[in-house]
2 protein chains.
Amino acid sequence: MAKYTIGVDFGTESGRALLVDVADGREVATYVHPYANGVIDEKLPGTEIRLEPDWALQDPNDYLETFKHAIPAVLRASGVDPADVIGLGIDFTACTMLPTKADGTPLCFLSKWRNQPHAWVKLWKHHAAQPEANKLNEIARAGGFAFLNRYGGKISSEWFVPKAWQILNEAPAVYAAADRLIEAADWVVWQLTGVETRNLTTAGYKGIWSKREGFPPDAFFRALDPRLEHFVDEKLSRRISELGQNAGGLTAQAAAWTGLRPGTAVAVANVDAHVAVPAATVVEPGRMVIIMGTSNCHMVLGTQERLVPGMCGYVEDGIIPGFFGYEAGQSCVGDHFAWFTENCVPAAYEREAAARGISIHQLLEERAAALKPGESGLLALDWWNGNRSVLVDVDLTGLLIGATLATKPEEIYRALIEATAYGTRIIIETFQNNGVPVHQIVATGGLPDRNKLLMQIYADVTGRPIVIAGTHQGGALGSAMHGAVAAGKAAGGYDTIVKATKQMASLRDESYTPNPAATAIYDRLFAEYVTLHDYFGRGANDVMKRLKGLKAEVRGVRG
Amino acid sequence: MAKYTIGVDFGTESGRALLVDVADGREVATYVHPYANGVIDEKLPGTEIRLEPDWALQDPNDYLETFKHAIPAVLRASGVDPADVIGLGIDFTACTMLPTKADGTPLCFLSKWRNQPHAWVKLWKHHAAQPEANKLNEIARAGGFAFLNRYGGKISSEWFVPKAWQILNEAPAVYAAADRLIEAADWVVWQLTGVETRNLTTAGYKGIWSKREGFPPDAFFRALDPRLEHFVDEKLSRRISELGQNAGGLTAQAAAWTGLRPGTAVAVANVDAHVAVPAATVVEPGRMVIIMGTSNCHMVLGTQERLVPGMCGYVEDGIIPGFFGYEAGQSCVGDHFAWFTENCVPAAYEREAAARGISIHQLLEERAAALKPGESGLLALDWWNGNRSVLVDVDLTGLLIGATLATKPEEIYRALIEATAYGTRIIIETFQNNGVPVHQIVATGGLPDRNKLLMQIYADVTGRPIVIAGTHQGGALGSAMHGAVAAGKAAGGYDTIVKATKQMASLRDESYTPNPAATAIYDRLFAEYVTLHDYFGRGANDVMKRLKGLKAEVRGVRG
């Protein structure tokens, strides 16, 4: 009798359930549930209470509704007997966190706190804790706290401690009323199982925790604010659960929500990007997974602990147990092309695309594909949204050089694609030069489907072959795979994620091989890119920051 | 009885006659005659003979037709008695040159040579003599010929000697058959008067002649090519005529063409840009005339001989007798905005402009005007068409820095305007720092009418007040003024161009004053511009040239 697991992938605007066959990872049914309150960034739902700029909240009820709608829907669509669903896994955006009572009730569910923005879920892209992040980094640097090195030298305002600290600073009563501060990923597992667990991945990548050192010492938190001295013991937990563990069986209530059987194994939570790595077949060093979408997220495994400058972070066992999981990122990839298409493509192109029934992206790709490497004479720095890796500097901005009166839009478009490829090559070479080798790229996410030119350029620029993950639902599939590991072999699942990957993950019959002639040209262009990257990015000429500072000054914004 | 003069301005596509009142410069009638053969850059007229890229020829008959149509037309339209027309002046594009027989007959009028492209007029923008210009500059530098210093260190491929040398190299028979090589400016005066004169302005700015040193020595020409040793004496003339001189009276034949009286005074020829200086009221040092159009041409007078790095050239008596006339240039101004509008403005803007019945330029100007200096965070190097002054480098290319995902088209548009203003400020400061002061800008040309935002930005960036020339026909009015000087006071004209200017030239009742707050911001942006200008333009990072070289290599073009 076939066995199944379900993965639930909690995204920014919606949650998705995917029901897969444990034997081969076949995707049997999927269902997307849009969050009723979506991203809350203007007013608190049902009120006239306005949010400050840079705020981004969510409603935890939307997560519960996802379970209630999406899981019954995939059961219905597949016709699978709930008795044959042996496990459930979830993945989430991160750091997405909320304050709760000791029993897991979100503070925002209580009428006393419902009108207080700090009582709600802070979504990953809530950026209002920047002052706290800046202060935290200053204090950590000044105090010589070595954990900073694990995160490329900087803790992001998106992460757990700055967000928690912002609650304390701006709403001390909410902070005091919160028995627990917890990742939404772990909170939804708590709701399914009645058991509070804390997953290793968010703890490691977003919560400044490591297997060897645990959390930063209380002295560090005291240095931030005396009220934070016992932060970990008061609001979190030092018990961190490994990936693939069974967090607990489904409660009767959660079984009623979902239509699954009580006691069904639920895996410890995971992060959307990280769980996509085994879903892309990668459970060993040397093959870098790049999730390519609005931004790029690069993940690669290593057997040894290495300090790699400018990465987002590394966590032992954080992606696949037994390996150091390294993460790096580029802030602006698909967003780049969207910006260009919206702001810089002339009406004549729009008319041609419309007449031919293709999108402007397709028209640009077609024309850009007709160009040879080096033919446009253009070069760009892909910093339209700052630089995450390897410079870790949000104040860097975009640059285009080489324009003439004969420059055409498709040439600029291609130069922007190439610039993001050079950015990826810098990341790969930084890993490689610091003892984390990369010999193949496994691409996943939305872009590999949509832009074959981009894929070939990445292969040519990096000089690495690129293969493509078989699934379009890396998060949900990875979660379903972890559900199979939580269920275990005895129940029809797997003992390890490596074994689950072997059976359930696959690659597409499509790959990109570097063209040596193109790579030779790109080597020369990359050398120019590196020179400009270092000149503008490493302090020789901080014009980008001064321009940005002047802009803020002129606009009367806090500089 | 009122007296009149006529100015004829020979442009790139057409010739214009302007009849003005000598007493006050009132513009009584004007007429434009489009050249039948226009710019010849594909096939020789009436043949299937194809021209190479970079060639640009004209038909001298089109100039004669201009006299035959435009002068009768302004006489007719004005009702002025030809007896009251006391003088005629002409100005021309330069260097625009042709080979003729000893009697002035253009070789291309002779059937023997009509099918030979080198027998026709080489227009100013004929760029096919670049190899000759490169070799000339090399030889002049290697030989230590000091005349190079008068031209910012480089003789342009557009100028007289490279063009003549190209004829010799590629069509030695045409070269041998040419008794004279002459500027079209001087050729048309010859056709009117029967007298071969050579005007000081083209000789000085385009022909490597100076009042103190004459032409380069024969040894220099021999070093170029032994066949050129006696170039000046064989093909040109060492007799150079001063501006405002009477070249001779109108011949009977020319009187028949034009309807003017035989013997009417004809001024020695002049250049369109240079003759526009007195037409813009400038006959003294300190006030820089900028002709603003597709490119910018900057002219200023000095009392002393100064070597100003990167200027186009300076000529004693070359603009106004008694002064050194200094010229500098920017290769890409109006062209810049045209490129941007054509290639980078999205369909939504085109729709909005159309709905409101305004041009895209007007829409962009309106939106850009709503921005404060520094607000966009953008900075550009205005080198889309290379840099003429002060770097004299055609291989430099455009740069835009500071882009983010929030950058809008009008911000880029404004940054391009600002970049050309910074380029002008570099030119002004280079003059100022080298002993040629500039305290006011007098703008003329097409842009001052079309873009008030640009004018205010120029005032703010340069910190100089800007006034606007009264005439829209700086070339034709300046020529008419020189016609009045050629006629002389006795005939009802003037003894000097200074006196003519006082009566006949005027300023508009419109000016732009620097806003100190804006200037303070622009000072900071200009400092950033200078750093980038020097980094990319003075050898610290020749990436622009390497990109351009690679582009040529990839396209299989001579690099």
Exercise. So which of A:P448, A:P437 ends up being farther than 25 Å from A:G89 by Cα, open to solvent by 40 Å² or more (accessible area, probe 1.4 Å) and touching a helix residue (DSSP H, G or I) at 6+ places or on another chain (Cβ under 8 Å)?
Worked result: A:P437
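Given the criteria at negative phi and either surrounded by fewer than 22 Cβ atoms within 10 Å (Cβ to Cβ) or out of contact with any Phe, Trp or Tyr (no Cβ under 6 Å at 6 or more places or on another chain) (or both), does B:F231 qualify?
Details: at negative phi: yes; either surrounded by fewer than 22 Cβ atoms within 10 Å (Cβ to Cβ) or out of contact with any Phe, Trp or Tyr (no Cβ under 6 Å at 6 or more places or on another chain) (or both): no.
The answer is no for B:F231.
I need the full set of residues from the range A:529-551 which are open to solvent by 20 Å² or more (accessible area, probe 1.4 Å) and not β-branched (V, I, T), in order please. Even if it seems obvious, please write down each step before you answer.
Keep residues of the range A:529-551 that are open to solvent by 20 Å² or more (accessible area, probe 1.4 Å), which gives A:530-531, A:534-535, A:538-540, A:542, A:545-546, A:548-549, A:551.
Within the range A:529-551, A:D534, A:Y535, A:R538, A:G539, A:A540, A:D542, A:K545, A:R546, A:K548, A:G549, A:K551 qualify.
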Exercise. Just one of B:H439, B:H472 is more than 14 Å from every other protein chain (Cβ to nearest Cβ), under 30 Å from B:M504 (Cα atoms), touching a residue at least 40 places away in the same chain (Cβ under 8 Å) and not small (G, A, S); which is it?
Worked result: B:H439
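If you take the residues in the range A:407-420 that are free of Cβ contacts under 8 Å to residues at least 60 places away in the same chain and farther than 18 Å from B:N541 by Cβ, which one is farthest from the other protein chains (Cβ to nearest Cβ)? Give the derivation first.
As a first pass, look at the range A:407-420 and keep what is free of Cβ contacts under 8 Å to residues at least 60 places away in the same chain: A:407-408, A:410-411, A:414-415.
Right, trim to farther than 18 Å from B:N541 by Cβ and you get A:407-408, A:410-411, A:414.
On the way: A:T407: 7, A:K408: 6, A:E410: 10, A:E411: 10, A:R414: 13 Å.
Restricting to residues being free of Cβ contacts under 8 Å to residues at least 60 places away in the same chain and farther than 18 Å from B:N541 by Cβ, the top hit is A:R414.
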Exercise. Cβ-Cβ below 7 Å, separation at least six or inter-chain, first residue in the range A:330-343 and free of Cβ contacts under 8 Å to residues at least 12 places away in the same chain, second part of a helix (DSSP H, G or I) and open to solvent by less than 20 Å² (accessible area, probe 1.4 Å): which pairs?
Worked result: A:N343/B:P409
Problem set entry | Selection within the range A:505-534 - facing chain B (nearest Cβ under 9 Å) and hydroxyl-bearing (S, T, Y) | A:T531
For this session: For residues that are more than 7 Å from chain A (Cβ to nearest Cβ) and more than 32 Å from the chain's Cα centre (by Cα), tally how many sit in the range B:377-406.
Result: 1
Exercise. Quick one: what pairs do we get from the range A:187-214, first residue in contact (Cβ under 8 Å) with a residue 24 or more places away in the chain, second basic (K, R) and assigned to a helix (DSSP H, G or I), C-beta under 7 Å, 6+ apart or different chains?
Worked result: A:S210/A:R150
Seminar exercise, completed: Residue pairs within 7 Å by beta carbon, gap of at least six or interchain, first lying in the range B:251-275 and open to solvent by 20 Å² or more (accessible area, probe 1.4 Å), second polar (S, T, N, Q), listed first then second, are B:T251/B:T193; B:P262/B:T251; B:D272/B:T93
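May I ask you to list the residues in the range B:398-410 that are open to solvent by less than 10 Å² (accessible area, probe 1.4 Å) and in contact with a Lys or Arg (Cβ under 9 Å, 6 or more places away or on another chain)? Spell out the reasoning first.
So in the range B:398-410, the residues open to solvent by less than 10 Å² (accessible area, probe 1.4 Å) come out as B:398-399, B:401-403, B:407, B:409.
Hits for the range B:398-410 are B:G402, B:P409.
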For this session: Determine which single condition A:A354 fails, assuming it passes every other condition in (1) within 30 Å of the chain's Cα centre (by Cα); (2) under 23 Å from B:V345 (Cβ atoms).
Result: (1)
Exercise. Are any residues in the range B:168-187 farther than 24 Å from B:E316 by Cα and surrounded by 24 or more Cβ atoms within 10 Å (Cβ to Cβ), and if so, which ones?
Worked result: B:A178
Seminar exercise, completed: In the range A:276-296, anything open to solvent by 10 Å² or more (accessible area, probe 1.4 Å), over 23 Å from A:K502 (Cα atoms) and touching a strand residue (DSSP E or B) at 6+ places or on another chain (Cβ under 7 Å) is listed as A:S295
For this session: Could you please find all residues in the range B:535-559 being more than 11 Å from chain A (Cβ to nearest Cβ) and either part of a helix (DSSP H, G or I) or within 30 Å of B:G244 (Cβ to Cβ) (or both)?
Result: B:G537
Exercise. Taking A:G79 and the conditions (1) over 26 Å from the mean Cα position of the chain (by Cα); (2) modelled with pLDDT under 95, which numbered condition does it fall short on, given that it satisfies the others?
Worked result: (2)
Seminar exercise, completed: Apart from one, (1) buried (at least 20 other Cβ atoms within 10 Å of the Cβ); (2) under 22 Å from the mean Cα position of the chain (by Cα) all hold for A:G374; the odd one out is (2)
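Would the range B:390-410 turn up any residue that is part of a helix (DSSP H, G or I), over 16 Å from A:L547 (Cα atoms) and at pLDDT 95 or above? Outline the logic, then answer.
Of all residues in the range B:390-410, those part of a helix (DSSP H, G or I) come to B:409-410.
Retained after the next criterion (residues that are over 16 Å from A:L547 (Cα atoms)): B:409-410.
Among the residues that remain, those that are also at pLDDT 95 or above are: B:409-410.
Yes, the range B:390-410 has at least one match.
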Exercise. Taking the range B:133-155 as the region of interest, how many residues are buried (at least 21 other Cβ atoms within 10 Å of the Cβ) and without any contact (Cβ under 8 Å) to a residue 40 or more places away in the chain?
Worked result: 1
Problem set entry | Criterion (touching a residue at least 12 places away in the same chain (Cβ under 8 Å), farther than 30 Å from A:G470 by Cα and surrounded by fewer than 20 Cβ atoms within 10 Å (Cβ to Cβ)) met by exactly one of A:D24, A:D41, A:D59 | A:D41
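The values are calculated or read from the model by the stated rules, or taken from the named source; none is laboratory data. Note that the structure is a prediction, hence the values are computed from the model and not measured. Heads up, the Cβs are rebuilt from the backbone with ideal geometry, glycines too, and the neighbour counts pull from every protein chain shown. Note: areas computed on protein heavy atoms with side chains; ligands, DNA, RNA excluded. Shrake-Rupley method; radii C 1.70, N 1.55, O 1.52, S 1.80 Å.
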